[in-house]
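Right, one structure below, let's go through it.
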Amino acid sequence: MSRLKKVKKANGQIIACNEIFEADTTTVKNFGIWIRYQSRTGFHNSYKEYRETTMNAAVDALYEEMASRHRVRSACLQIIKIAEVEDKDVRRENTRQFTEDGLSFPVVNKVLRHPSKATKTTLKYKRPNFVTL
């Protein structure tokens, strides 16, 4: 607290520290995070966008990205504000590419399954002959 505002320990106290739980964790949302961090050269303000299901997951992704790309330790990172951003208000191109309608991804690992449960067995007496379409 004293890093953001000029408050000594004797003049202020932390009343509560609560974890925020999302009401809906099944849909993907865009989160904008305003941060202030200390690097080797000084203090910097920054804005990051993440596409996650919960606010806690977005903060986890922020800490991982800042540690890997900018070598910022968690003690040197201060979160100023977190807000949910609508799809039309997204600023970063990397996040905007996933907000389009009709977005589809290729199937990389297609799992071949048996046509019926009667022919499915754990052990086979001969090598299977799969044809990939």
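Just so you know, all these numbers are worked out from the coordinates, no wet-lab data involved. What you see is a predicted model, and the numbers here were worked out from it, not measured in a lab. Cβ sites come from the backbone with ideal geometry, for glycine too, and all protein chains shown count toward neighbours.
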Choose one of 47, 102, 10: the residue whose Cα lies farthest towards the positive end of the charge dipole of the chain (beta-carbon charges +1 Lys, Arg; -1 Asp, Glu; about the Cα centre). 10
Taking N as the number of residues in the chain, what is its Cα Rg relative to 2.2 N^0.38 Å? 1.67
Pull up all non-local amide H partners of residue 52: gap of 5 or more, or a different chain, and H-to-H distance under 5 Å with H placed in the peptide plane. 29, 31
Non-local amide H neighbours of residue 72 (under 5 Å, H modeled in plane, Pro and chain starts lacking H): which ones? 67
FRET efficiency for residue 91 and residue 17 from the Cβ-Cβ distance with R0 = 25 Å, rounded to 0.05, comes out at 0.25
Report, to the nearest 10°, how far helix 55-69 tilts away from the longest principal axis of the Cα atoms in the chain, using its own Cα long axis and a range of 0 to 90°. 80
Number of Lys pairs in the stretch 1-120 with C-alpha atoms less than 17 angstrom apart, excluding same-chain neighbours closer than eight positions? 6
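How large is the charge dipole for the stretch 65-120, taken about the Cα centre, if only the Cβ atoms of Lys, Arg (+1) and Asp, Glu (-1) carry charge, to the nearest 20 debye? Can you show the working numbers first?
On the way: 12 positive and 8 negative charges, 107 e Å.
Value, rounded to 20: 520 debye.
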Quick one: plug the Kirkwood hydrodynamic radius of the stretch 9-58 (C-alpha pairs) into Stokes-Einstein at 4 °C, 1.567 mPa s, and report D in µm²/s. 94
Could I get the Rg over Rh figure for the stretch 57-133? Both from C-alpha atoms, Rh via Kirkwood, rounded to two places. 1.26
Size of the dipole of the chain about the Cα centre, Lys and Arg at +1 and Asp and Glu at -1 on the beta carbon, nothing else charged, in debye to 20? 780
